[in-house]
Amino acid sequence: MFQPQSAYAFYSPTKVLSGNKALENLPVELDGMNAVKPLILTTPVLSARGMEKIVASAFGDSNLTIGVFSGVPPQPDLRLIRELYGLYRDNGYDAIIALGGGPVLDTAKALNIAVSGRPEDLESLASGNPLTKKLRPLAAIMNLDLSGCEMTRYASLGPLSLTSPALIPDLMIIDSRTVPEEEQKTMAATALMSMTQAVEACLHPARNPLTDAYAYGATRFIMENITNVMRNPSDRKGRLALANAAFFAQTSFDNLAPGMVYELGMAMSRSCQTNPGLIMGMLLPHFLLLEMRKETTDRKDLYLFIGGPEAFAGTMAEASSRKAVDRIVEILLELQSIVADFPRSIRDLGIKKEDLEKIVAQGSAAGVRGEHDPQDIRNIMEKAWETRF
Amino acid sequence: MNHYKEMQPGSKPIKRAYVALMLWFVGRAIEAAARVDGVVKAEFDGLSPGFTFSLGVMPQGPTMIVGKDDQGLVRYRGWDPEGQKIDLKMKIKNLEGAILMFTFQESTALATARNRLIVDGEVPAACAIVRVLDIVEVYLLPKLIAKLAVKRYPDWFFGEKIRNRIRIYAGAVFGL
């Protein structure tokens, strides 16, 4: 039966521009948001790779003046935001463009809070007070080196965790020129994180038709493109598909509470300084097997998302969930054969067995405690530690 | 502050000049086609008296303006919208989008679907103008290129197409 739940809510305020020459729409889109002087934030690495010049050239013939700050560090802090606040105010900027993922978006979101009100609003929001002022326009230009929270309401700045729907960027641009080839392992990690967000959204008890639609888009984009892009990183359409998948997955994730694998991946990543996407990829099959064994989910069509409509239609209902897990394991095995140093287990990522208990006990996976049985968490982590795909 | 600079991105004069030339040529070709081709004439007859439209590139042109005069004849009215009452404004969002259209890599319909155009005016009038543009492109371009530029290449009688094409080129180039 295709019927919505009795009540649900879904929020995604982002305008998406994806494809050939999407970047050139920036001036007119900013104009539509009453912005005429944007400040572009990016990292020294992306700047050195020429990304900043590509974005600047999109403003050719627009008569706009733009500012570029290309010094966003991997760990942005409040001191940087205060410096950028002065720069933004003194030079009359009226919009922010974040070029790149992770720390760039964290910086852009935090700066947007500061310049739309006062820098003190950051601490205020981190302590749980809501934002009272409408934020200035924020555009995000996505690539494939992502933290998983770029297009969501979450940002972190050192010890500050910022959460507000107002932080979600107004505009997202995915242009093949600004989704450059990254290291295979980085692209694989981003895709696996998106996959985890989408699959957990599929199985989430509070899922709704719109989170399903976004999760379906994300999983199909990933499953149909991930191995092609890893084999041939110059596949521009494939990279564009994976960047789109990240947006789809993050949007479904943003509308539901973070799932167990996501939270565990983030917690383990903090403890062993490894890309969380790789950890999530290793944990995901074990989580799905646990869900299957416990029969806690009423979702019988996960294989539609993972395998696609034709494969799903050709599979007996009782074998469907198992096929979904098998397909994900197949993808992991393919990635191992294509990507150098791709882990076969979370052990390969430097996680020690004694750390597992610590992660549960010390509450570094705080978000999942209470929502999930600690024994389940322990089981999944142990299985992922013992099993080598 | 380190790593900071302010810049004024440059212009793209060659691309602008190419698009300006194409708009000038297409504008004059529409005027000629309205005299020569019955379908184009009928499309304009269906529009309100004095109807004028512009097709231009945001934010600062180039632009072409075409409209009906007091006698109902279709006239190319130059590039400057200043002082002209324009009923329908079709704006290409940026120069690169205009280049894709005027190098016939994208048809008008495809460009619209890909969010490259903004239409400010009545939708039926915009649809009529898109149909006119398609017909004019079929006359102006060799079949191989025109097939890329239009939604459907029409099945016209060859002799009539060539005759009309010569008259439209003469009208567009020499104003005959």
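Within the stretch A:135-181, which residues are surrounded by fewer than 21 Cβ atoms within 10 Å (Cβ to Cβ) and under 13 Å from the mean Cα position of the chain (by Cα)?
A:Arg153
Can you tell me which residue among A:Ala311, A:Ala324, A:Ala340 is surrounded by 19 or more Cβ atoms within 10 Å (Cβ to Cβ), of a type in the set (Gly, Ala, Ser), in the same structural domain as A:Ser194 (by TED's automatic domain parsing) and farther than 25 Å from A:Leu356 by Cα?
A:Ala324
For A:Leu122, indicate whether it is within 14 Å of chain B (Cβ to nearest Cβ) and in a helix (DSSP H, G or I).
On the way: within 14 Å of chain B (Cβ to nearest Cβ): no; in a helix (DSSP H, G or I): yes.
Criteria not met by A:Leu122.
Of the residues that make up the stretch A:183-202, is at least one assigned to a strand (DSSP E or B) and buried (at least 24 other Cβ atoms within 10 Å of the Cβ)?
no
Touching a residue at least 40 places away in the same chain (Cβ under 8 Å) and within 27 Å of the chain's Cα centre (by Cα): which single residue out of A:Leu80, A:Leu111, A:Leu87 fits that description?
Values: A:Leu80 fails: touching a residue at least 40 places away in the same chain (Cβ under 8 Å); A:Leu87 fails: within 27 Å of the chain's Cα centre (by Cα).
A:Leu111 is the lone residue from the list that is touching a residue at least 40 places away in the same chain (Cβ under 8 Å) and within 27 Å of the chain's Cα centre (by Cα).
Just to check your reading of the model, which residue among B:Arg75, B:Arg16 is assigned to a strand (DSSP E or B) and charged (D, E, K, R)? Steps first, answer last, please.
Details: B:Arg16 fails: assigned to a strand (DSSP E or B).
Going through B:Arg75, B:Arg16 in turn, just one is assigned to a strand (DSSP E or B) and charged (D, E, K, R): B:Arg75.
Kindly establish whether A:Ile279 is in the same structural domain as A:Glu357 (by TED's automatic domain parsing), of a type in the set (Val, Ile, Thr) and in contact with a Gly (Cβ under 6 Å, 6 or more places away or on another chain).
Working: in the same structural domain as A:Glu357 (by TED's automatic domain parsing): yes; of a type in the set (Val, Ile, Thr): yes; in contact with a Gly (Cβ under 6 Å, 6 or more places away or on another chain): yes.
Yes; evaluated as a whole, the condition is true for this residue.
Mind listing just one residue for me: the one in the stretch B:86-134 that is of a type outside the set (A, V, I, L, M, F, W, C) and on the phi > 0 side of the Ramachandran plot and, of those, modelled with the highest pLDDT? Step through it out loud before you land on a result.
First, the residues of the stretch B:86-134 that are of a type outside the set (A, V, I, L, M, F, W, C): B:87, B:89, B:91, B:93-94, B:96-97, B:103, B:105-108, B:112, B:114-116, B:120-122, B:124, B:131, B:134.
Applying the additional criterion that residues be on the phi > 0 side of the Ramachandran plot yields B:115, B:121.
Numbers: B:Asn115: 86, B:Gly121: 90.
Taking the candidates together, the pick is B:Gly121.
Output the number of residues of the stretch A:90-108 satisfying the condition of being within 13 Å of chain B (Cβ to nearest Cβ) and surrounded by fewer than 21 Cβ atoms within 10 Å (Cβ to Cβ).
3
Take the conditions β-branched (Val, Ile, Thr), surrounded by fewer than 20 Cβ atoms within 10 Å (Cβ to Cβ) and either in contact (Cβ under 8 Å) with a residue 40 or more places away in the chain or in a helix (DSSP H, G or I) (or both) and apply them to B:Val138. Does it pass? Give the steps one after another, and end with the answer.
On the way: β-branched (Val, Ile, Thr): yes; surrounded by fewer than 20 Cβ atoms within 10 Å (Cβ to Cβ): no; either in contact (Cβ under 8 Å) with a residue 40 or more places away in the chain or in a helix (DSSP H, G or I) (or both): yes.
Taking the combined requirement at face value, the residue does not satisfy it.
Would you tally the residues in the stretch A:45-63 being without any contact (Cβ under 8 Å) to a residue 24 or more places away in the chain and either facing chain B (nearest Cβ under 9 Å) or touching a Phe, Trp or Tyr at 6+ places or on another chain (Cβ under 6 Å) (or both)? Steps first, answer last, please.
Of all residues in the stretch A:45-63, those without any contact (Cβ under 8 Å) to a residue 24 or more places away in the chain come to A:45, A:47-48, A:50, A:53, A:56-57, A:60-61, A:63.
From the residues that got through so far, the ones that are either facing chain B (nearest Cβ under 9 Å) or touching a Phe, Trp or Tyr at 6+ places or on another chain (Cβ under 6 Å) (or both) too are A:47, A:56-57, A:60-61, A:63.
The number of residues fulfilling the criteria is 6.
Can you tell me which residue among B:Gly72, B:Gly78, B:Gly10 is away from every other protein chain (no Cβ under 14 Å) and more than 15 Å from the chain's Cα centre (by Cα)?
Just a single option satisfies the conditions, and that option is B:Gly72.
Yes or no: B:Val57 within 14 Å of chain A (Cβ to nearest Cβ) and either crowded, with 17+ Cβ neighbours inside 10 Å or within 12 Å of the chain's Cα centre (by Cα) (or both)? Before you say what the answer is, go through the steps one by one.
Working: within 14 Å of chain A (Cβ to nearest Cβ): yes; either crowded, with 17+ Cβ neighbours inside 10 Å or within 12 Å of the chain's Cα centre (by Cα) (or both): yes.
Against the criterion (within 14 Å of chain A (Cβ to nearest Cβ) and either crowded, with 17+ Cβ neighbours inside 10 Å or within 12 Å of the chain's Cα centre (by Cα) (or both)), B:Val57 qualifies.
Within the stretch A:214-238, work out how many residues are out of contact with any Ser or Thr (no Cβ under 7 Å at 6 or more places or on another chain), in contact (Cβ under 8 Å) with a residue 12 or more places away in the chain, part of a helix (DSSP H, G or I) and not aromatic (Phe, Trp, Tyr). Steps first, please.
As a first pass, look at the stretch A:214-238 and keep what is out of contact with any Ser or Thr (no Cβ under 7 Å at 6 or more places or on another chain): A:216-217, A:219-221, A:223-235, A:237-238.
Checking which are in contact (Cβ under 8 Å) with a residue 12 or more places away in the chain leaves us with A:216-217, A:219-221, A:223-227, A:229-231, A:233-234, A:237-238.
Filter once more, keeping what is part of a helix (DSSP H, G or I): A:216-217, A:219-221, A:223-227, A:229-231, A:237-238.
Among the residues that remain, those that are also not aromatic (Phe, Trp, Tyr) are: A:217, A:219-220, A:223-227, A:229-231, A:237-238.
Number satisfying all stated conditions: 13.
The values are calculated or read from the model by the stated rules, or taken from the named source; none is laboratory data. Because the structure is predicted, anything quoted here is derived from the model rather than measured. Virtual Cβ from ideal backbone geometry, glycine too; neighbours counted across all protein chains shown.
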